Structure formats: C-alpha cells, structure tokens
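Inspection log for the structure reproduced underneath, given as structure tokens.
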Amino acid sequence: YNDPNSYLKVTDSYGEVVLENKYSGTVALSQETVTVMNKILHTVITEGTASSYTNFEKLGIDCAGKTGTSGDNYDRWFIGYTPYYLCGVWYGHEYPKALSGLKTNPAVDLWDVVMKQAHQKYLDAAKDGTEPLKTFNESDDIVTALYCKDSGKLVAEACAHDPRGNRVETGYFIKGTEPTTYCDTHVLVDYDVVTGGVACEWCPPQNVM
C-alpha cells in the first residue's frame with residue numbers, strides 16, 4: 001500500500017529534479033494470499049467467464065483477470081494482468097444505454113489485442129532464447145486439495161454422483177487450513193430406476209440400483 005500522490009517526479013527544462021515523491025510502501029497482502037488469488041483469477045480465463053474468447057492465455061504468459069457486467073447490460077469490463085502489465089478495458093456508450101447483440105465480451109477482445117502487442121517483445125525474447133518469460137511468484141506454503149462444493153470437506157466417493165453432476169472442485173489452501181475430514185453431505189444410496197426415488201424394502205429387486 002502507498003499513500004495517494006499527485007506526482008512521482010517533477011523536472012525542469014534541464015532535466016534537474018525539482019520535486020520527487022520517493023516510492024515507498026508497506027506490504028498489504030501476504031505472498032500466500034496473492035498466490036491463492038492469482039490461481040482463482042487465472043481460472044476466470046481458463047474456465048470461467050472469459051474462457052470462451054480469451055486467446056492471450058494460449059501464448060504461454062501467466063495471466064489472470066476478472067470480467068464485469070453492469071446492471072441492465074450497460075457496461076462490459078475486463079481487468080487482467082500478467083507478471084509484466086495490468087490492463088483494464090471498459091466497453092459501453094458515452095451516453096449509457098443497453099448493449100445488445102454481443103456474442104462475446106468486447107472488453108476481453110480488446111484486452112487480447114492490446115496485451116498481445118504489449119508483450120510481443122517478451123514473446124520474441126523468449127522464442128530466441130534471450131530471456132525467459134516471467135511467471136507469477138508462488139508461495140511454497142500453498143497446497144492443493146480436492147474438496148466437495150457443498151460441504152467444503154475433502155471429497156468422498158459419493159460427491160461425484162450428485163444428481164446435479166460432479167461436485168468435486170480443486171481448492172488452494174495455506175498449509176494448515178486445508179480440510180482434513182471427508183464429506184458427509186453426500187451419501188450413496190440405492191434408488192429405484194423406475195420411480196427415480198430412494199429405494200425402500202418394498203421396491204422390486206430388479207428395479208433397484
């Protein structure tokens with residue numbers, strides 16, 4: 001965190017520094033929190049609201065971000081970042097009115113174009129072996145675990161058989177905070193294939209699975 005400043009440096013016509021605000025700040029987020037947040041926001045691009053039309057991620061540069069849509073569909077946003085740059089794009093009308101007929105999020109499309117050009121020199125350097133691409137720094141104190149979306153506990157066999165579909169999710173945890181007990185929300189039961197209900201003692205055996 002840094003206190004707000006109206007300027008960083010002011011120089012005169014000879015290049016001499018007249019005013020300067022030295023960069024200083026305090027750490028506001030732990031490396032563990034940043035690592036988890038990077039992973040969460042990375043899924044927005046790989047499998048979330050930006051996954052169907054974000055091409056920048058395929059270039060091999062670490063990236064993460066968040067889409068946004070205002071009420072009544074007046075605005076579209078995408079704020080995304082890499083180890084090099086952060087870029088925010090807004091798409092809408094100067095005098096607000098609803099956006100219609102959009103098949104993709106134009107903010108993401110524009111972000112892709114701008115960020116690809118901004119990173120081209122780094123992609124070229126990595127391609128010719130001059131300099132490897134930077135990656136997000138990750139804390140060694142983060143662990144992954146499969147958990148149930150409904151109970152928040154470790155996955156049990158029944159979690160994958162929920163009528164709504166697989167309820168298993170990958171979570172990222174600071175060591176010592178990961179779940180240690182198994183899901184007791186989901187329970188495997190026999191059911192009647194004819195009625196679709198939970199089987200009871202009066203159900204014909206041939207209908208029970």
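The values are calculated or read from the model by the stated rules, or taken from the named source; none is laboratory data. Keep in mind it's a predicted model, so treat the numbers as computed, not measured. Here Cβ is always computed from backbone atoms with ideal geometry, including for glycine, and neighbour counts include all displayed protein chains. Accessible surface is based on the protein model in full, side chains and every heavy atom, while ligands, DNA and RNA are left aside. Shrake-Rupley method; radii C 1.70, N 1.55, O 1.52, S 1.80 Å.
The label point for K97 and the one for A160, both projected 7 Å from the Cα toward the Cβ, are 5.3 nm apart. A 1.4 Å probe run over the stretch 21-62, with the rest of the protein chains in place, finds 62 Å² accessible per residue. Can you send over the carbon and sulfur percentage of the accessible area for the stretch 54-186, probe radius 1.4 Å, protein chains only? Percent of accessible area from carbon and sulfur atoms in the stretch 54-186: 50.
Taking a 25 Å limit on the Cα-Cα distance, which of the listed pairs K103/K127; K9/K39; K58/K121; K58/K175; K9/K134; K58/K127 fall beyond it? Over 25 Å apart, Cα to Cα: K103/K127; K9/K39; K58/K175; K9/K134. Peptides 148-158, 169-179 ranked from most to least packed, by the mean per-residue count of other Cβ atoms within 10 Å: 148-158, 169-179. Between T180 and F136, the simple spin-label model (points 7 angstrom out along Cα→Cβ) gives 2.8 nm. Think of each Lys and Arg Cβ as +1 and each Asp and Glu Cβ as -1; about the Cα centre, that makes the dipole of the stretch 1-107 roughly 380 debye. Dipole size of the chain about its Cα centre, with +1 on Lys/Arg Cβ and -1 on Asp/Glu Cβ: approximately 460 debye, rounded to the nearest 20. Surface exposure of the stretch 144-209, expressed per residue as accessible area with a 1.4 Å probe, stands at 70 Å². The C-alpha atoms of the chain define a longest principal axis, and helix 31-46 lies at about 70 degrees to it. From most to least packed by mean Cβ count within 10 Å, the peptides 41-50, 6-15 give 41-50, 6-15. Packing order of peptides 65-71, 110-116, 134-140, 75-81, highest average first: 75-81, 110-116, 65-71, 134-140 (average count of other Cβ atoms within 10 Å over each peptide's residues). Rounded to two decimals, the Cα radius of gyration of the chain over 2.2 N^0.38 Å is 1.50.
Segment T170..V143, full-extension length gain: 8.7 nm, with 0.36 nm per residue of separation and the alpha-carbon distance subtracted. Running Debye on the stretch 108-209 with equal point scatterers at the Cα sites and no solvent, what base-10 log of I(q)/I(0) appears at q = 0.10, 0.11, 0.22 Å⁻¹? These q points yield log10 I(q)/I(0) values of -0.59, -0.65, -1.04.
Given springs between every Cα pair under 10 Å in a Gaussian network model of the chain, which of N166, N21, N73 has the largest fluctuation? Comparing N166, N21, N73 in the GNM, the peak value goes to N21. Here the gap between T104 and Y14, fully extended at 0.36 nm per residue and compared with their Cα-Cα distance, gives a gain of 27.4 nm. Solvent-accessible area per residue in the stretch 70-138 equals 67 Å², computed with a 1.4 angstrom probe and all protein chains kept.
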